[in-house]
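One structure is given below, encoded as structure tokens.
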Amino acid sequence: MFYILLFTFLLSISPLGEARVGIPYAILNDVPFLWAFIVGLGANLMIYPLLMLLIDTFNARFWPNRHYKKGVIRISRIAKKRTGNSIEKYGFWGLMLFVMIPLPGTGAYVGTIAAAIFKINRQKAFWAVSLGVIISCIIMAIASHYGNIGLDKF
């Protein structure tokens, strides 16, 4: 079970799936519901502080570099396009809803990048992303749990 929990943690902290992949993976591998939820949620909650630290470090160090600046501008345009006007218009609640929706292209990574781009207050952005992650993890855990029960009936 340790390796399944470790892989759940790694899936939940990765930008490819976050807890939307990690929690279902754990539940489908017969990890108890609460363990799957806690590991997936914990890993997903670590994204905001780690990514903000990475963004700050890279911006301070590489901003004078022309290629880095072009890359940041390109990523910023993609993030603005994905988020639409909801984050800029609705601030905290828009960011929380964007992170909360369990669809590809939304989540803690894009939400954190959007918070940095739109210069949302760090404390408010942290709570918006965290609340969105918690709600998203609850949705995924419940859906995965009942989906697994349904699969067991067949």
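The values are calculated or read from the model by the stated rules, or taken from the named source; none is laboratory data. The structure displayed is predicted, hence computed values, not measured ones. Backbone-built Cβ (ideal geometry, glycine too); neighbour counts: all protein chains shown.
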(request) Exactly one condition in (1) surrounded by fewer than 22 Cβ atoms within 10 Å (Cβ to Cβ); (2) more than 12 Å from the chain's Cα centre (by Cα); (3) at pLDDT below 90; (4) not β-branched (V, I, T) is not met by L103; state its number. (result) (2)
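Go through region 106-154 residue by residue and tally those that are small (G, A, S) and surrounded by fewer than 21 Cβ atoms within 10 Å (Cβ to Cβ).
Filtering region 106-154 for residues small (G, A, S) gives 107-108, 111, 114-116, 125, 128, 130, 132, 136, 141, 143-144, 147, 150.
Imposing the further condition that a residue be surrounded by fewer than 21 Cβ atoms within 10 Å (Cβ to Cβ) reduces the set to 116, 130, 143, 147, 150.
Number of matching residues: 5.
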(request) Just give me the residues in region 110-142 being under 14 Å from P49 (Cα atoms) and among the hydroxyl-bearing types (S, T, Y), in sequence order. (result) T112, S130
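For a quick check of your reading: which helices (runs of 4 or more DSSP H) sit entirely within region 1-103 and have at least 3 residues that are in contact with a Cys (Cβ under 7 Å, 6 or more places away or on another chain)? Walk me through it before giving the result.
On the way: elements: 2-13, 19-28, 33-45, 47-62, 66-83, 86-90, 92-100.
Passing ranges, in order: 33-45.
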(message) Exactly one condition in (1) at pLDDT 90 or above; (2) over 16 Å from the mean Cα position of the chain (by Cα); (3) not basic (K, R) is false for F118; which is it?
(response) (1)
(request) Looking for whichever is loosely packed, with under 13 Cβ neighbours inside 10 Å and closer than 22 Å to S130 by Cα here; the options are L51, L16, L45. Which one fits? (result) L16
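Which residues, taken from region 1-36, are closer than 17 Å to V99 by Cβ and touching a residue at least 60 places away in the same chain (Cβ under 8 Å)?
Filtering region 1-36 for residues closer than 17 Å to V99 by Cβ gives 12-23.
Residues satisfying the conditions are P15, E18, A19, R20, I23.
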